[in-house]
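The block underneath contains the structure these notes are about, expressed in structure tokens.
The values are calculated or read from the model by the stated rules, or taken from the named source; none is laboratory data. Since this is a predicted model, take the numbers as computed values, not measurements. Cβ placement follows ideal geometry from the backbone for every residue including glycine, while neighbour counts extend to all protein chains displayed.
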């Protein structure tokens with residue numbers, strides 16, 4: 001059980017690190033073009049994307065571990 005928790009923790013850490021690095025690498029270009037898109041009225045607010053992507057990366061790490 002301890003060994004499995006260790007693997008899950010490593011997988012979550014790797015997924016979060018990759019997510020952070022990819023977000024950092026593309027942040028400037030996303031800020032430029034995303035604002036120019038013609039978005040529908042039901043588009044979620046910008047502040048919601050960070051927590052949702054973080055949760056997705058955590059779930060990917062748990063499933064990979």
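Structure notes:
- Some residue of the stretch 26-33 being within 16 Å of the chain's Cα centre (by Cα), within 26 Å of residue 63 (Cα to Cα), assigned to a helix (DSSP H, G or I) and modelled with pLDDT under 90: yes
- Among the residues of the stretch 36-63, those that are more than 22 Å from residue 15 (Cα to Cα) and out of contact with any helix residue (DSSP H, G or I) (no Cβ under 9 Å at 6 or more places or on another chain) comprise 36, 37, 38, 39, 40, 41, 42, 43, 45.
- From the list 51, 44, the lone residue that is within 27 Å of residue 63 (Cβ to Cβ), modelled with pLDDT of 90 or more and not in a helix (DSSP H, G or I) is 44.
- Taken together, 51, 45 contain a single residue that is within 30 Å of residue 1 (Cβ to Cβ) and free of Cβ contacts under 8 Å to residues at least 24 places away in the same chain, which is 51.
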